[in-house]
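One structure is given below, encoded as structure tokens.
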Amino acid sequence: MSTAPPLRLGINVDHVATLRNARGGRLPDPVRAALLAIEAGADGITAHLREDRRHIRDDDMARLKAEISKPLNFEMAATQEMLRISLATKPHAVCLVPERREEVTTEGGLDVVAQHNVLAPFIARLNDAGIRVSLFIAADVSQIETAARLKAPVIEIHTGAWCHAVIDGKPDKAEAEWQRIVAGAALAQSVGLEVHAGHGLDYATAEAIAGLPQIVELNIGHYMMGEALFVGLSETVRTMRAAMTRGREKVGLPA
Ligand code: PXP
């Protein structure tokens with residue numbers, strides 16, 4: 001049997017806040033969703049504090065940090081405001097994501113090549129504060145090599161293009177995107193990066209990507225919350241975990 005670290009499941013609770021904000025007020029509470037997800041087997045919670053606060057709000061992030069027992073992954077744009085809030089919040093990890101068009105590669109990841117000079121001091125500040133920095137990037141050679149040069153310990157591979165091609169029934173595009181992810185994960189590990197993946201994953205794509213031994217964490221939100229409407233969040237987390245375990249075991253990896 002090959003060795004690979006177990007695969008962690010991070011649950012993104014943004015869309016619980018989307019639903020809450022549709023009416024204002026306090027319900028449904030993303031912190032309650034986070035606590036339930038952890039009880040059902042999630043290894044961590046992700047939330048994205050956007051500049052426009054369209055879903056998660058500042059007090060959600062503070063409450064998540066105070067109330068959950070598992071690592072908090074704070075997704076944010078590389079702005080001075082978010083740097084200040086994240087340094088005050090002290091999450092386990094910060095995942096830097098694009099929010100503006102000029103920060104994005106054609107595949108949708110953060111363009112760390114074009115943003116290198118902006119990101120370098122930013123990542124250094126977070127590293128110095130003991131916060132694990134993850135860069136949400138496309139599985140491209142230049143993006144991955146730049147992430148390593150920027151001394152970010154982690155990348156999260158953007159799986160959106162692959163997942164959309166799978167769902168849209170475009171097998172050639174899906175295969176090309178999959179091969180990019182396979183090669184990117186191997187390259188990232190070879191240059192010393194920890195590799196996560198996320199965006200657009202469902203049970204089937206999570207099971208497939210669980211077969212890549214370099215990947216140690218999946219962050220999943222939208223599909224989980226959609227399923228949760230029908231079968232409940234706990235059941236959704238358990239079913240996702242089972243899919244990930246099948247994917248790991250199929251290729252002889254420990255789950
Ligand atoms: N990872 C990152 C960096 C994200 O920004 C998001 C949300 O867009 C996700 C994972 C989760 O994606 P989804 O909600 O499509 O599962």
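Each label point was placed 7 Å from the Cα along the Cα-to-Cβ direction; for D128 and A88 their separation is 1.9 nm. Rounded to two decimals, the Cα radius of gyration of segment 126-207 over 2.2 N^0.38 Å is 1.15.
Which semi-axis lengths, in whole Å and largest first, follow from the square roots of five times the eigenvalues of the Cα gyration tensor of segment 182-239? Each step should come with its number before you reach the end.
Values: eigenvalues 143, 17, 15 Å².
They are 27, 9, 9 Å, listed from largest to smallest.
Longest stretch of the chain clear of exposed loop sites (trypsin sites (Lys or Arg not before Pro), DSSP loop, at most 15 other Cβ atoms within 10 Å, sites excluded): 152-255. The alpha-carbon of K151 sits under 24 angstrom from the alpha-carbons of these lysines, leaving out residues fewer than 8 places away in its chain: K90. Taking the fewest neighbouring Cβ atoms within 10 Å as the starting point, the ordered list for D59, D52 is D52, D59. Residues S190, S86, arranged from fewest to most other Cβ atoms within 10 angstrom of their Cβ, appear as S190, S86.
Amide H contacts of V94: F74, R132, V133, S134, each under 5 Å away and 5 or more positions distant or on a separate chain (H built 1.01 Å from N in the peptide plane; Pro and chain starts excluded).
Three semi-axes describe the equivalent ellipsoid of segment 81-221; taken as square roots of 5 times the Cα gyration tensor eigenvalues and ordered largest first, they are 25, 15, 15 Å. Please work out whether segment 151-255 counts as rounded, prolate or oblate from its C-alpha gyration tensor, where a ≥ b ≥ c are the square roots of the eigenvalues and a/c under 1.5 means rounded, while otherwise a/b larger than b/c means prolate and anything else oblate? It comes out prolate by the Cα gyration axes. Structure remark: mean-square fluctuation, Gaussian network model of the chain, C-alpha springs under 10 Å; the largest value among L87, L110, L187 belongs to L87.
Legend: ranking of residues D60, D168 from fewest to most surrounding C-beta atoms inside 10 Å; resulting order D168, D60. Considering all different alpha carbon pairs of segment 21-160, the Kirkwood hydrodynamic radius works out to 15.6 Å.
Quickly work out the R149-to-V191 label distance, labels modelled 7 Å from Cα along the C-beta direction, and quote it in nm with one decimal. For the pair V191/R149, the computed spacing is 0.8 nm.
Which of rounded, prolate, oblate describes segment 135-183, given a ≥ b ≥ c as roots of the alpha-carbon gyration tensor eigenvalues and a/c under 1.5 marking rounded, otherwise prolate only if a/b is larger than b/c? Don't jump to the answer; show the numbers that get you there.
Details: a/c = 4.08, a/b = 2.49, b/c = 1.64.
Prolate, because a/c is 1.5 or more and a/b exceeds b/c.
As a ratio to 2.2 N^0.38 Å, the alpha-carbon radius of gyration for the chain is 0.95.
Residues within the reach of a label modelled at Q80 (point 7 angstrom out along Cα to beta-carbon, backbone nitrogen below 15 Å), restricted to segment 112-126, are 118-119, 121-122. One decimal place: the segment R238-D58 gains 61.9 nm when fully extended, by the rule 0.36 nm per residue minus the C-alpha distance.
A short reminder: the numbers here are calculations on the coordinates, not readings from a lab. This structure is a prediction, so every number in the text was calculated from the model and none was measured. Glycine gets a Cβ as well: all are built from the backbone with ideal geometry, and neighbour counts include every protein chain shown.
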